[in-house]
Amino acid sequence: MFKQGVKTVSLRSYGITHDNIHYQLPPEKLHEISIERGMGKEASNGALAINTGEFTGRSPMDRFIVKDNITEDKVWWGNINIPFAPDAFDKLYDKVIAYLNEKELFVRECYACADANYRMNIRVINEYPWSNMFAYNMFLRPTDEELKNFDAEWTVVNAPGFMAVAKEDGTRQHNFAILNFKKKIALIGGTGYTGEIKKGIFSALNFILPVQKNTLPMHCSANVGKKGDTAIFFGLSGTGKTTLSTDSTRKLIGDDEHGWNNENAVFNFEGGCYAKVINLSKDNEPEIYGAIKKGAILENVILDASDEVDFADTSITQNTRVSYPIYHIDNIKQPSMGTNPKNIFFLTADAFGVLPPISKLTPSQAAYHFISGYTAKVAGTEAGVVEPVPSFSACFGAPFMPLHPTAYAEMLSKKMLEAGVNVWLVNTGWTGGPYGVGTRMKLKYTRAMIHAALNGDLGMYSYDTYHIHSVFGVAQPRSCPGVPTEVLSPRSTWNNDEKYYNTAFKLSNAFRENFKKFESYASEEIRRGGPQRYAH
């Protein structure tokens, strides 16, 4: 039994019998405990700097879903959704609980989904204090009054120090993240990477919302303008999803995970932001930079002798991150909801440098690019990567999508058509050549293009205002306020048509090859949304 002012709770239903438990500690106390126990340091900006250990990112090959009568016929099984036997889960769960029965624990009640009609109450049981602080930051926070009758629907059991034995436990190696929809448990062990906590609940919602509530879950950020116009930003890590949605001229709804319901509303799943901080600067990203203060958690960054953060130092990982409660951003939408979006942006960091910096998509092109979920890996991001490599993640979030990607694409297409939304493909990657030759698109230009799209300054489609890309078939604007005209045409920035088209066809072929696995599920209209020919 344990108590922290508002009520007494027992963990005996989970098999945890001791009372060495801290319940609903405020983040200031969790920050203090982490430092006292040598688990972190306070940076000069006041944030708690911790090291997540062996794992500095998600481990997608160690993510499992229990295969039972709830999931068997609905989940898209494969190397993204790996099946786990129910009896193996029970045995592993018992071992984790036996381990936690010998540990001091930190427990938090929280919830996901800002829309009360979709709210999911969550209990998080953590081995580490800073993991519990992460849960405070990232999930929505119930009031003291709500805590009096709080009934958790899902439970996250998080034991970073527990190491599985693969041959005995049915895992691939010592770390694991397993979803059990029947028992409503996310079981995480062997990894200190906090992202597994939030992504476990996100993955659960990606199954529950479309299957049970006919609501589209989205791996996206969202904001709203002064006139109430909502914009959504889809994109994989490193494409600018958090950066571009955190805009001083618009109110932030959320930076990563949202639902789009049938009541014409977009709602945030979370109560915080989890941003990459590699090369972060006050000039380029003032809102995010300013959010890194007491209450924020910095992961795997390097502090100098004065405890200043060196945001350019990637000696631990390129995936340096910060977690902070959304109220660390001044300009936020409360509650975290908006109406049907007017504009949707698909963000891609094209390291081949051939996609236009902004282009307008038809409905079929939007569905095609949503299913494809393209970005690119560049040299240095992974061992063995020496030149740009296409990277496709369906729905811009395949590792978190239990259903077949076309299920989400069909829901998105239907909603886009009903809402009459404009869809834009935005290349935040390279211009003037591929990675190593060209340069990264200037953030000020990307912001100017997005503002122009939001303000209606890119005009209605016509031959005079748009040019159809000869390889990808997308409509690229001929002019944009605040952006040099030559920047809008990727071919013009290369100054070598032959090399440009050879590279463009190389990428278009990669799109077509990737899409082959979806062709039998996609309509003819969607198939026509992609590049229509191979290089000769």
- Message: Take residues that are in contact with a Lys or Arg (Cβ under 9 Å, 6 or more places away or on another chain) and modelled with pLDDT of 95 or more and tell me which of the strands (runs of 3 or more DSSP E) falling wholly in segment 212-301 contain 3 or more.
- Response: 216-224, 230-235, 251-254, 257-260, 297-299
- Note on the structure: When every residue in segment 78-101 that is farther than 30 Å from A398 by Cβ and among the hydrophobic types (A, V, I, L, M, F, W, C) is compared, the one surrounded by the fewest Cβ atoms within 10 Å (Cβ to Cβ) is A98
- Name the residues in segment 162-180 that are in a loop (DSSP other than H, G, I, E, B), under 14 Å from Y93 (Cα atoms), of a type outside the set (V, I, T) and touching a residue at least 40 places away in the same chain (Cβ under 8 Å), would you? F162, A164, G170, N175
- Task: Determine if segment 212-224 includes at least one residue that is touching a strand residue (DSSP E or B) at 6+ places or on another chain (Cβ under 9 Å), within 27 Å of N319 (Cβ to Cβ) and open to solvent by 10 Å² or more (accessible area, probe 1.4 Å).
- Result: yes
- Check segment 422-430 and report whether any residue there is surrounded by fewer than 13 Cβ atoms within 10 Å (Cβ to Cβ) and over 22 Å from A504 (Cα atoms). no
- Query: In segment 272-287, what residues are open to solvent by less than 10 Å² (accessible area, probe 1.4 Å) and either in contact with an Asp or Glu (Cβ under 8 Å, 6 or more places away or on another chain) or under 23 Å from A112 (Cβ atoms) (or both)?
  - Reply: G272, C273, A275
- Selection from segment 227-247 of residues that are open to solvent by 10 Å² or more (accessible area, probe 1.4 Å) and more than 16 Å from the chain's Cα centre (by Cα): K227, G228, D229, D247
- Task: Of the conditions (1) within 30 Å of V211 (Cβ to Cβ); (2) outside any strand (DSSP E or B); (3) among the hydrophobic types (A, V, I, L, M, F, W, C); (4) open to solvent by less than 40 Å² (accessible area, probe 1.4 Å), L417 clears all except one; give me its number.
- Result: (4)
- Subset of segment 333-360 [open to solvent by 20 Å² or more (accessible area, probe 1.4 Å), touching a residue at least 12 places away in the same chain (Cβ under 8 Å) and either more than 17 Å from I232 (Cβ to Cβ) or of a type outside the set (S, T, N, Q) (or both)]: K333, P335, M337, K342, K360
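The values are calculated or read from the model by the stated rules, or taken from the named source; none is laboratory data. This structure is a prediction, so every number in the text was calculated from the model and none was measured. For neighbour counting, all protein chains shown are included, and Cβ atoms are generated from backbone atoms with ideal geometry for every residue, glycine included. For accessibility, only protein heavy atoms count, side chains too; no ligands or nucleic acids. Shrake-Rupley method; radii C 1.70, N 1.55, O 1.52, S 1.80 Å.
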